[in-house]
Amino acid sequence: MCKRWRMSACVGVRPAALFGHGAGAYVAACLAGVFSLEDALRLVVSYGRVRPQSPAADARLAEFRRLAEKVSYSRPQRKLI
């Protein structure tokens, strides 16, 4: 998604809306200006550690929530679907 974003931006294409699934949702939010790339990476890595079947899932989900509460969020500069 990032590669396509850069390629389209080089030729002046600006999407009216962004969307993603899974990790792509974090990419879309980052590209829309909701949070920084650094925060997006931290969230993706932390969320990736949460595995519902794992005995440590509750602790890891709590860790993800704490991290998500520390992130600075902004209004999207582009529409997120």
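The values are calculated or read from the model by the stated rules, or taken from the named source; none is laboratory data. Fair warning: this is a prediction, and the values are worked out from it, not measured in the lab. Every residue, glycine as well, gets a Cβ built from its backbone with ideal geometry; the counts of neighbours run over all protein chains shown. The accessibility values were calculated without ligands, DNA or RNA, using every heavy atom of the protein model including side chains. Shrake-Rupley method; radii C 1.70, N 1.55, O 1.52, S 1.80 Å.
Values as computed for the structure displayed
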read-out: (1) -0.59, -0.78; (2) -0.48, -0.67; (3) -0.52, -0.74, with the label sought being that of the calculated log10 I(q)/I(0) by the Debye sum over Cα atoms at q = 0.15, 0.18 Å⁻¹; value: (1)
read-out: 1.4 Å probe accessible area per residue over the chain, in Å²; value: 75 Å²
read-out: Magnitude of the charge dipole, the chain, Cβ model with Lys/Arg +1 and Asp/Glu -1, debye to 20; value: 240 debye
read-out: Gaussian network model of the chain, Cα within-10 Å springs - most flexible of GLY20, GLY48, GLY12; value: GLY12
read-out: Dipole of the chain [Lys/Arg +1, Asp/Glu -1 at C-beta], most positive-end residue of LEU43, VAL71, GLY24; value: GLY24
